[in-house]
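Please treat every number below as a calculation from the coordinates, not as lab data. From a predicted model like this one, the values you see are computed outputs, not experimental measurements. Heads up, the Cβs are rebuilt from the backbone with ideal geometry, glycines too, and the neighbour counts pull from every protein chain shown.
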């Protein structure tokens, strides 16, 4: 993979993971992007991208 690839454990992949972040997390938005964040107990950060 490329220089900026992530491990599978660093991705949000399941629909239920995204729904949990959307419903229980906090959001911050401007004209171009909306960020949702939710702390976890995994000892690592995870990222998920949703494009529309």
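Okay, helix-only estimate at 222 nm for the chain: each DSSP H run of n ≥ 4 adds -39500 (n - 2.57), divide by all residues, round to 500 deg cm²/dmol; what do you get?
Calculated from helices alone, the mean residue ellipticity at 222 nm is -5500 deg cm²/dmol.
I need the semi-axes of the equivalent ellipsoid of the chain: take the C-alpha gyration tensor, multiply each eigenvalue by 5, square-root it, list largest first in whole angstrom.
Computed over the chain, the values are 19, 16, 11 Å.
So if R0 is 22 Å, what FRET efficiency would residue 3 and residue 40 give, r being the distance between their Cβ atoms, rounded to the nearest 0.05?
Efficiency computed from Cβ-Cβ geometry: 0.30.
Pairs of alpha-carbon atoms within less than 8 angstrom and 6+ residues apart define the contacts here; what relative contact order does the chain have, in percent? Present the calculation step by step, with values, prior to reporting the outcome.
On the way: 34 pairs, mean separation 20.1, N = 52.
For the chain, the relative contact order is 39 percent.
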